[in-house]
Every structure is written in C-alpha cells, then in structure tokens.
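Okay, so here's the structure we're looking at.
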Amino acid sequence: MPNKRMGWQRPPLVLLDVHGVILETSWEIELRTLYNRLVKPLKPAARLAWVNEFYFLTRRERIASLARLSGRTLPQVGQVTDKVRLDIHGHYLPAVKPYVRFFLKALRKYHIPALAVCGGQAAQVKRQMRLHGLTAYIPAARIIGLEEKPPGTTGNRRALFSLLHKSFDRRLVYINDWRDENRFVKSLGGQVIGIADDHPGRYARCRRLLLASGADHVFRGWTQWQRILRQVVLPPGK
C-alpha cells in the first residue's frame, strides 16, 4: 500500500491507546459498580442515562460528582475509584475491537513501528494483549504503562511522547479514543486520529469532542481500517 505517489518517505511512529482503541473499555462496568457501591443501585434505564453522561466527564469531574451524590470526601471517592478499577482490571478480559487486527497486521507488513500506551497497570494490559494474540503485532516490550515511568520521563503522557519523538526521530501518529494530549501531539508536529465510541447515544458528541481537541480525522471504529492506514502513511495535510 505505501508508495512514493502517496508521499511515503520514512514511516511514522504510531502510538495507540489500548482501551477504547485496540481493546474494548471497561469504563461502563466501572461506572456502574462505582455508582452502586457509593450511591445506590440503579434501574437499567436510569443507569444508562447516568453512564452516558458520565462518559464525557474527566476522572476529576467524575470523582467530584460521586462525592456530591454520596456525601463522601474526594479522597474517599478517589480511593474507591482506584480499588474498583484495579479489581475489575485484575480479572476482566476486554474484547478486541472489531477489525483492529487487520490494521495491526498492515502495520507489521509495511514495517511501520507501533507502540501501545496505557494509563493503567502495564502488566495487566500486557496479559490482556497476550491472551488475545496481539503481542504478535505489538510486542510486550512496546506496551508501555504510565505507572512504569519509562527512563527520562515523569510518568505522564506528555513526557513520554516527547521522549519517543526525540528518541525515534519520526513523525508521531497518535490514535486515541479521547481528548488526552491530542493538542500536545500536534504541537510536536504529529497527527491525531480519533476512534470514536460507536454507541448511538454517544458517537456524535464523542466525534465533536475529538475534533475540538485537535484530532485530524475521526472514524467510527475500525471498519474503515484501510482509510485509517492511508491517513497514517500520508504526510499531514494530504
């Protein structure tokens, strides 16, 4: 697929968020569990409306809202949030996003370097990727958890992306399902591709937020993986 006519020169470094991009997320299970534990059990209809709204909040906003609803302090809610997340991630095996394997195979075929970035425990994410056979495309050594604080970083995405940009000396392409650090990647001369939540009640708003946060292109899942691959190999602005 890559060729000179498409502007193919040196391949970029592709950074993929794990949950929400490569694997399904567990956030809906986490939110239901948090609400049931801190506030009260919800009927399905009310729970769906609440979960859909909380999807668009940051971690800090979610904790603040749950603190107001439950009457607990912010530190208390934060501790419960972390415990629920760790408990769920310890036994939950999220499904692979449909069609993403085709994209990962294409990256390997065309020798496009890729890393997976996760905000959670890297050991758990590596296990999830290995059980699905995805480490054949992104080796465990290239799955980076921010809690590991790779050498030369402070353990946050900006420091990590800056280090990768400098170390690999390649254009960055960040594939993300949310707003985190999209503009920062653009400030490094990189490109951002959004993978929007395809849930009917969330897709349109998620797409708007991704575009507003700096995404160059937004796709509804991986069904158009060939178009996504084309955007990866094309220089920005093409």
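The values are calculated or read from the model by the stated rules, or taken from the named source; none is laboratory data. The structure displayed is predicted, hence computed values, not measured ones. Heads up, the Cβs are rebuilt from the backbone with ideal geometry, glycines too, and the neighbour counts pull from every protein chain shown.
Annotations for the structure displayed:
- Of all residues in segment 68-86, those being among the polar types (S, T, N, Q) and under 16 Å from S26 (Cβ atoms) number 1.
- Among the conditions (1) modelled with pLDDT of 90 or more; (2) surrounded by fewer than 20 Cβ atoms within 10 Å (Cβ to Cβ), T58 misses just one, which is (1).
- When we screen L210, L164 for residues that are touching a strand residue (DSSP E or B) at 6+ places or on another chain (Cβ under 9 Å), farther than 25 Å from Y55 by Cβ and not assigned by TED's automatic domain parsing to the domain that holds T58, the only hit is L164.
- Enumeration of residues in segment 71-87 that are on the phi < 0 side of the Ramachandran plot, modelled with pLDDT of 90 or more and not charged (D, E, K, R): T73, L74, P75, Q76, V77, G78, Q79, V80, T81, V84
- N182 of a type in the set (S, T, N, Q), touching an Asp or Glu at 6+ places or on another chain (Cβ under 8 Å) and closer than 15 Å to V14 by Cα: no
Yes/no matrix, rows are residues, columns are (1) over 14 Å from the mean Cα position of the chain (by Cα); (2) under 23 Å from A215 (Cβ atoms); (3) crowded, with 20+ Cβ neighbours inside 10 Å; (4) not acidic (D, E):
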| residue | (1), (2), (3), (4) |
| --- | --- |
| P94 | no, yes, no, yes |
| L104 | yes, yes, yes, yes |
| V117 | no, yes, yes, yes |
| K126 | yes, no, yes, yes |
| G133 | yes, no, no, yes |
| P139 | yes, no, no, yes |
| L146 | no, yes, no, yes |
| H165 | yes, yes, no, yes |
| N176 | no, yes, yes, yes |
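Per-residue answers, yes or no, for (1) surrounded by fewer than 19 Cβ atoms within 10 Å (Cβ to Cβ); (2) closer than 24 Å to R59 by Cα:
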residue: R183; (1), (2): yes, yes
residue: L188; (1), (2): yes, no
residue: I195; (1), (2): no, yes
residue: Y203; (1), (2): yes, yes
residue: V218; (1), (2): yes, yes
residue: T223; (1), (2): yes, no
residue: R227; (1), (2): yes, no
residue: R230; (1), (2): yes, no
residue: V233; (1), (2): no, no
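- For segment 70-84, a tally of residues being part of a helix (DSSP H, G or I) and more than 18 Å from P41 (Cα to Cα) returns 7.
- Conditions (1) at pLDDT 90 or above; (2) outside any helix (DSSP H, G or I); number of the one not met by D180: (1)
- Beta carbons closer than 7 Å, at least 6 apart along the sequence or on distinct chains, pair a first residue in segment 207-218 that is at positive phi with a second that is assigned to a strand (DSSP E or B) for G214/V192.
- For segment 89-116, a tally of residues being touching a Lys or Arg at 6+ places or on another chain (Cβ under 9 Å) and assigned to a helix (DSSP H, G or I) returns 0.
- Residue match in segment 117-140 (condition: assigned to a strand (DSSP E or B) and out of contact with any Ser or Thr (no Cβ under 6 Å at 6 or more places or on another chain)): yes
- Filter result (modelled with pLDDT under 95 and closer than 25 Å to Q191 by Cα) within segment 116-139: V117, C118, G119, G120, A122, V125
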